[in-house]
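Have a look at this one before I ask anything.
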């Protein structure tokens, strides 16, 4: 058993962890399993074992609650990858880093469209918008923020009546990397390996 507690009373500490992780690794990294600097303890002790899914810390994580974890001299660390929407909703967007990466992608694209607003609508504009977004997506893939993604113009979603009103719609699909929340090993005792005894004799 080790020290831990729900992180809600220390949300400013979690914000600090997230900001530091953004600078050191990138916003697509999970804030979980990161040392919290500047605190020396917690108010309430809970059981916490990395390999015990029934420990109190891991049970709280299963309810979408980020906790504090301390084990074997690791220091006080954030513990938990998911928002409070988990486990009611199981979509990967419940991962904190996946949602934050999506937010960065969406806001970046929205603000970048200022360069195209009020241009004449023609094929050149449609191609320029698609290529601008796809170039940004390729940059995020190269950084490790996305596994893959793309932007395209679907004619079925852009009837001439909408284009006549000055409205264009583009589709974007993307996938940020999910955190390695669980790592499982399956081990086997294989008596065939005894054949190696004795070397080449």
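State yes or no: is residue 169 assigned to a loop (DSSP other than H, G, I, E, B), free of Cβ contacts under 8 Å to residues at least 24 places away in the same chain, farther than 30 Å from residue 51 by Cβ and assigned by TED's automatic domain parsing to the domain that holds residue 125?
Yes.
Can residue 126 be described as under 30 Å from the mean Cα position of the chain (by Cα) and surrounded by 12 or more Cβ atoms within 10 Å (Cβ to Cβ)?
The answer is no for residue 126.
Among the residues of region 8-27, is there at least one that is surrounded by fewer than 19 Cβ atoms within 10 Å (Cβ to Cβ), in contact (Cβ under 8 Å) with a residue 40 or more places away in the chain, in contact with a strand residue (DSSP E or B) (Cβ under 8 Å, 6 or more places away or on another chain) and outside any helix (DSSP H, G or I)?
No.
This table checks each residue for (1) in contact (Cβ under 8 Å) with a residue 24 or more places away in the chain; (2) touching a helix residue (DSSP H, G or I) at 6+ places or on another chain (Cβ under 9 Å); (3) on the phi < 0 side of the Ramachandran plot.
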position	(1), (2), (3)
107	no, no, yes
112	yes, yes, yes
127	no, no, yes
134	no, no, yes
141	no, no, yes
144	yes, no, no
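Now a separate question. Please enumerate the residues belonging to region 56-83 that are more than 15 Å from residue 31 (Cα to Cα) and free of Cβ contacts under 8 Å to residues at least 24 places away in the same chain.
58, 59, 72, 73
Which of (1) surrounded by fewer than 16 Cβ atoms within 10 Å (Cβ to Cβ); (2) out of contact with any strand residue (DSSP E or B) (no Cβ under 6 Å at 6 or more places or on another chain); (3) farther than 18 Å from residue 180 by Cβ; (4) in the same structural domain as residue 171 (by TED's automatic domain parsing) does residue 85 not meet, given it meets every other one?
Evaluating residue 85 over (1) surrounded by fewer than 16 Cβ atoms within 10 Å (Cβ to Cβ); (2) out of contact with any strand residue (DSSP E or B) (no Cβ under 6 Å at 6 or more places or on another chain); (3) farther than 18 Å from residue 180 by Cβ; (4) in the same structural domain as residue 171 (by TED's automatic domain parsing) leaves (4) as the failure.
Any residue at all in region 34-47 that's under 25 Å from residue 185 (Cβ atoms), in a loop (DSSP other than H, G, I, E, B), more than 18 Å from the chain's Cα centre (by Cα) and not assigned by TED's automatic domain parsing to the domain that holds residue 170?
yes
Quick check on this structure: which one of 114, 105 is assigned by TED's automatic domain parsing to the domain that holds residue 153, modelled with pLDDT of 85 or more and either assigned to a loop (DSSP other than H, G, I, E, B) or surrounded by 14 or more Cβ atoms within 10 Å (Cβ to Cβ) (or both)?
The conditions single out 105.
The values are calculated or read from the model by the stated rules, or taken from the named source; none is laboratory data. The structure presented is a predicted model; accordingly, all values stated were derived computationally and were not measured. With ideal geometry, Cβ positions are generated from the backbone for all residues, glycine too; neighbour counts draw on all protein chains shown.
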